[in-house]
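Below is one structure, written out as structure tokens; the observations come after it.
The values are calculated or read from the model by the stated rules, or taken from the named source; none is laboratory data. Remember, it's a predicted structure, so these values are computed and weren't measured experimentally. Please note: Cβ atoms are built from the backbone with ideal geometry, for glycine as well, and neighbour counts cover all protein chains shown. When the accessible area is computed, the model is the full protein with side chains, heavy atoms only, and any ligands, DNA or RNA have been set aside. Shrake-Rupley method; radii C 1.70, N 1.55, O 1.52, S 1.80 Å.
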Amino acid sequence: MPHRPDNEEDAAQLAALGHKGELNRNFSPLAMLGLAFAILNSWTALAASLSLALPSGGPASVLWGLITAGVCNLCLAVSLAEFLSAYPTAGGQYHWVAVISWKRWVPLLSWITGWINTSGWIALVASGGLLGSQLIVGIISLMSTSYVAQRWHQFLIYIGYNLVAFLINAFMTGALPIITRSAFIWSITGFVVISITVLACASPDYSSAEFVFTDFINETGWPDGIGWLLGLLQAGLGLTGFDAVAHMIEEIPNPAVEGPKIMIACVGIGIFTGFIFLMVLLFVAGPIDGPTGVIASTATPLLQIFYNATGSKAGAICLLIFPLVCLLFATTSIMTTSSRMTYAFARDGGLPVSHFFARVHPQLDLPLNALYLTVVLVVIFGCIFLGSSSAFNAIISASVVALGVSYGIPVAINCIRGRQMLPDSRPFKLPGPFGWIANLIGLAYVVVTTILFLFPPDLPVTGSNMNYCVVVFFIILVISIVQWFIDGKKNFIGPRVNVDVLQNGEVQGMAPVFSSEQGSSSNFEKSSK
């Protein structure tokens, strides 16, 4: 028998949203913060992806790009925290879009948001394995100057990362809260140990403050302004994925109160640790550009910086163990969240053969079929890497762009409707002017990055360095459109919310404010569950 939530109030709140609790609420707030931070893992992701920003603006892009993206992502996080506080369900963005949209557009807008969000999470799973495989190949390059890296070498390591993450998710689901708490502790420990070690070893030969905070490098072929903006992809990767809290929200107690706190906190911690760590790396980096510089190193920029700082290959590799394990934690946590997102969307009929992917395994207490789907698609998605030298950028871009768009859709609809579509009784509420400012800054960031991150990373454009993110999105778009006409248009109505319960205010903090257009005639099917 599937397990129901232990807390009766949480169960009633979820029932009001049209679903029975099938997943255990065995994540404490600290464990969920660990999961969310393991997914962002900002200092690790930022450091491991230095190759994205150093050629696209240099140190000026690395540091100030993080501050720019940090402020914008924090605005998005507080904006989505309002939705999470009002409607704490694993569906997240596509559920919120359905609740606040115009009646006639509910199914289509919810469908589009669900497909974009699900695709973004699958792409984000791929990014963890790619970053880890890149670092491991870098270790081999550092130890053997005669080694010539092949893309299939990195692909096999990528498969290994995802296989381990799958096994943990499938057979150690009860231990996931312990694993995520461990991930948080390991990440913070690594941040402190590496920072102290490289600063001590490099003393007193530090780079100048002028270099760290103002030096600009552009090796992309694009104009300087475009090049700097393209460097935002690194910061975007390091701060995206905070909606994981929403997709795991049915597995923590008191979700309407704790969820928004965790969502905002993980972004704030990510900005702080990321900025400090990147600043430390730049002070000890040594030469950045040129044939022997960090950018051109076959050992990856991060490992080369460790080596430059410590003067020891063994010491550099030992330090690299921290981000390597962090990336394994991240891949595991992202896969967990991706499977829950897939499960939630299938539960509402958004995927082909939804009834199959919405099943919860009775013994393992997890949506195993949704997990299978995630892993299979991640393997297929990773195969792109075998055919293109820029597939790394494409997969990173795909995850950041898709998740960013899914963040922007509910916020944009709420703004268009005067920010009047969320219940006043929600525990977390932004004050009027601040709410508008946060919403609009977040939306501007989504628009700019969605356009820019589809650009090729370098000029001139060739078949091998093209940004295949466009191709990936086209394929997803075609599949979703075909599926919409085959099944969605006839059967998908959005999340199955029990609107009578919500309108009567029987569950605290759950009563939505409907316009007269929506009234008491529900645009959702009342749940029979």
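Computed values, structure above
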item	result
Label-to-label distance, nm, for residues given as I486 and Y372 (7 Å Cα→Cβ offset)	1.8
Taking all pairs of distinct alpha-carbon atoms in segment 248-362, Kirkwood radius in angstrom	17.9
FRET efficiency, I140 to D224 (Cβ-Cβ, R0 45 Å, nearest 0.05)	0.80
Solvent-accessible area per residue, Å², over segment 24-490 with all protein chains present [probe radius 1.4 Å]	34
Helix 391-416 vs. the chain, principal-axis angle (Cα, 0 to 90°, nearest 10)	40
On Cα atoms only, tilt of 29-40 relative to the major axis of the chain in degrees	50
Separation of the V471 and L199 label points, Cα + 7 Å toward Cβ, nm	4.5
16 Å reach of a label modelled at T298, 7 Å along Cα-to-Cβ, counting backbone N of segment 121-151	134-151
Segment 277-317-segment 397-435 distance, computed between alpha-carbon centres (Å)	40
Long-range lysine pairs (8 or more apart or interchain), the chain, Cα under 25 Å	15
Length added when fully stretched, W102-N254, from 0.36 nm per residue minus Cα-Cα	51.8 nm
Rounded to whole Hz, the Karplus (6.51, -1.76, 1.60) HN-Hα couplings of segment 336-351, x for glycine and proline	4, 5, 4, 5, 5, 5, 4, 4, 5, 5, 5, 4, 9, x, x, 10
Vicinal HN-Hα couplings computed from phi for segment 470-480 (Karplus, 6.51 cos²θ - 1.76 cosθ + 1.60; Hz; Gly/Pro x)	4, 5, 4, 5, 5, 4, 4, 4, 4, 4, 5
R417 paired with V148, simple spin-label distance in nm, labels 7 Å along Cα-to-beta-carbon	5.9
Principal-axis tilt of helix 176-202 within the chain, Cα atoms, nearest 10 degrees	30
Expected 222 nm ellipticity per residue - DSSP helices of 4 or more, -39500 (n - 2.57), all of the chain, to 500	-21000 deg cm²/dmol
